[in-house]
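Participant: Encoded as structure tokens, here's the structure I'll be asking about.
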Amino acid sequence: MEAGTLAVPGAELYYELRGSGPVLLLVNGGEGDAGAFAPLAALLADHYTVITYDPRGNSRSRLTSPIGEQRIPQHARDAHLLLRALCREPAYLFGTSYGGMVVMDLLAARPEQVRAAVAHEPLLIELLPDADRWHAAFQEVYETYEREGAPAAVRALSALLGVAAPPEASAGLPPPVADMLARVQANMSFCVAYELRSFVRYVPDLEALRGGKFTLATGGETGSTVGHRTALALAEELGLDIAGFPGGHVGFLTHPAEFAKTLYEVLES
């Protein structure tokens with residue numbers, strides 16, 4: 001694995017590079033970073049040059065401008081600049097949760113950079129008929145953060161989304177896993193304070209997603225969570241089928257081998 005940093009406007013992005021072949025960029029969401037994709041990336045490196053990175057403001061991607069509200073197009077520009085610096089040909093894209101929205105925005109803004117794109121359970125709250133109720137609930141999560149701190153806010157957010165909260169690092173874990181969990185815990189404040197409420201107001205360019213390069217995905221164990229609901233809403237808007245992936249919202253981490261196989265099949269089809 002090769003690791004490096006790239007200076008972009010307002011931040012310095014940490015990235016990791018594995019494998020060889022066509023380029024595949026993996027984009028995480030929430031408090032996740034490149035480390036959470038490490039098992040999946042290692043498996044996919046047999047077929048692709050896999051790029052993973054920490055989103056700006058998270059983990060090892062430090063901000064170089066004053067901290068403030070984050071926006072999906074800004075993060076999509078980061079992904080564009082990372083691809084421009086590391087490869088010359090169009091890339092495959094995979095994004096999960098917020099990362100799925102980043103992938104959609106990059107596809108709309110820079111279609112020439114994209115060979116194919118997969119968005120896994122993007123949180124497109126604005127497509128839901130009860131969007132106002134959800135936005136009020138996310139505001140309550142933020143107010144919990146202000147009163148009680150990040151751990152309480154993340155517990156509330158996890159219950160709201162129907163997704164298990166990240167476990168805390170504990171003795172006996174392999175060092176890379178313990179380090180990743182420690183970083184994720186540290187990212188929670190940034191996620192709740194500066195990403196959550198603005199990211200879930202993102203509205204994709206639907207026409208840009210109709211060009212044949214886009215696949216929508218959801219986890220087979222997701223059930224009726226809001227991530228599944230927003231995937232269904234987008235599929236209906238676009239007239240698309242939804243690709244089923246192993247596991248739930250973080251199936252890439254809980255079922256990496258099966259997830260890698262499914263992603264390979266979807267991209268190659």
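The values are calculated or read from the model by the stated rules, or taken from the named source; none is laboratory data. As the structure is a prediction and not an experimental result, all values here were calculated from the model. When we count neighbours, we look across all protein chains shown, and the Cβ atoms used for this are built from the backbone with ideal geometry, even at glycine.
Participant: Checking VAL118 against (1) over 24 Å from PRO246 (Cα atoms); (2) in a strand (DSSP E or B), only one condition comes out false. Which one?
Facilitator: Among (1) over 24 Å from PRO246 (Cα atoms); (2) in a strand (DSSP E or B), VAL118 violates only (1).
Quick grid of which residues meet (1) closer than 17 Å to VAL103 by Cβ; (2) at pLDDT 95 or above:
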| position | (1), (2) |
| --- | --- |
| LEU160 | no, no |
| SER170 | no, no |
| ASN187 | no, no |
| TYR194 | no, yes |
| TYR202 | yes, yes |
| ALA235 | yes, yes |
| ASP241 | no, no |
| GLU258 | no, yes |
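Participant: Could we say that ARG56 is touching a residue at least 24 places away in the same chain (Cβ under 8 Å), of a type outside the set (A, V, I, L, M, F, W, C) and under 24 Å from GLY227 (Cα atoms) here? Outline the logic, then answer.
Facilitator: Details: touching a residue at least 24 places away in the same chain (Cβ under 8 Å): yes; of a type outside the set (A, V, I, L, M, F, W, C): yes; under 24 Å from GLY227 (Cα atoms): yes.
So ARG56 fits the description; yes.
Participant: Let me ask another. Please identify the pairs in which a residue from segment 209-234 that is touching a residue at least 24 places away in the same chain (Cβ under 8 Å) and surrounded by fewer than 22 Cβ atoms within 10 Å (Cβ to Cβ) has its Cβ atom under 8 Å from the Cβ atom of a residue that is charged (D, E, K, R) and assigned to a strand (DSSP E or B), counting only partners at least 6 apart or on another chain.
Facilitator: Listed by first residue and then by second, the contacts come to LYS213/ARG115.
Participant: Something else about it: Which of the residues belonging to segment 244-263 are touching a helix residue (DSSP H, G or I) at 6+ places or on another chain (Cβ under 7 Å) and surrounded by fewer than 17 Cβ atoms within 10 Å (Cβ to Cβ)?
Facilitator: Selection gives ALA257 alone.
Participant: Go through segment 2-22 and give me each residue that's farther than 25 Å from ARG71 by Cα and either assigned to a strand (DSSP E or B) or not small (Gly, Ala, Ser) (or both).
Facilitator: Answer for segment 2-22, where residues must be farther than 25 Å from ARG71 by Cα and either assigned to a strand (DSSP E or B) or not small (Gly, Ala, Ser) (or both): GLU2, ALA3, LEU17, ARG18, GLY19, PRO22.
Participant: Taking the condition on the phi < 0 side of the Ramachandran plot, in contact (Cβ under 8 Å) with a residue 12 or more places away in the chain and of a type in the set (Asp, Glu), does GLU121 pass?
Facilitator: Answer is no for this residue.
Participant: Looking at segment 83-109, which of its residues are surrounded by 16 or more Cβ atoms within 10 Å (Cβ to Cβ), assigned to a helix (DSSP H, G or I) and either aromatic (Phe, Trp, Tyr) or out of contact with any helix residue (DSSP H, G or I) (no Cβ under 7 Å at 6 or more places or on another chain) (or both)?
Facilitator: LEU86, TYR98, GLY99, GLY100, VAL103
Participant: Spot the failing condition for VAL266; the list is (1) crowded, with 19+ Cβ neighbours inside 10 Å; (2) over 16 Å from the mean Cα position of the chain (by Cα); (3) β-branched (Val, Ile, Thr), and only one is missed.
Facilitator: Tallying (1) crowded, with 19+ Cβ neighbours inside 10 Å; (2) over 16 Å from the mean Cα position of the chain (by Cα); (3) β-branched (Val, Ile, Thr), VAL266 fails exactly one: (1).
Participant: Take the residues in segment 1-38 that are among the polar types (S, T, N, Q) and surrounded by fewer than 24 Cβ atoms within 10 Å (Cβ to Cβ); name whichever of them is farthest from HIS255 (Cα to Cα).
Facilitator: That would be THR5.
Participant: Check GLU140 against each of (1) outside any helix (DSSP H, G or I); (2) within 17 Å of CYS191 (Cβ to Cβ) and name the one condition it does not meet.
Facilitator: Among (1) outside any helix (DSSP H, G or I); (2) within 17 Å of CYS191 (Cβ to Cβ), the lone unmet condition for GLU140 is (1).
Participant: Which of the residues spanning segment 39-82 are crowded, with 21+ Cβ neighbours inside 10 Å, within 14 Å of TYR14 (Cβ to Cβ) and hydroxyl-bearing (Ser, Thr, Tyr)?
Facilitator: Once the filter is applied, which keeps residues that are crowded, with 21+ Cβ neighbours inside 10 Å, within 14 Å of TYR14 (Cβ to Cβ) and hydroxyl-bearing (Ser, Thr, Tyr), segment 39-82 yields THR52, TYR53, SER59, SER61.
Participant: Identify, please: which residue in segment 186-202 is surrounded by fewer than 20 Cβ atoms within 10 Å (Cβ to Cβ) and without any contact (Cβ under 8 Å) to a residue 60 or more places away in the chain and is, among those, nearest to VAL154 (Cα to Cα)?
Facilitator: Out of the qualifying residues, it is SER189.
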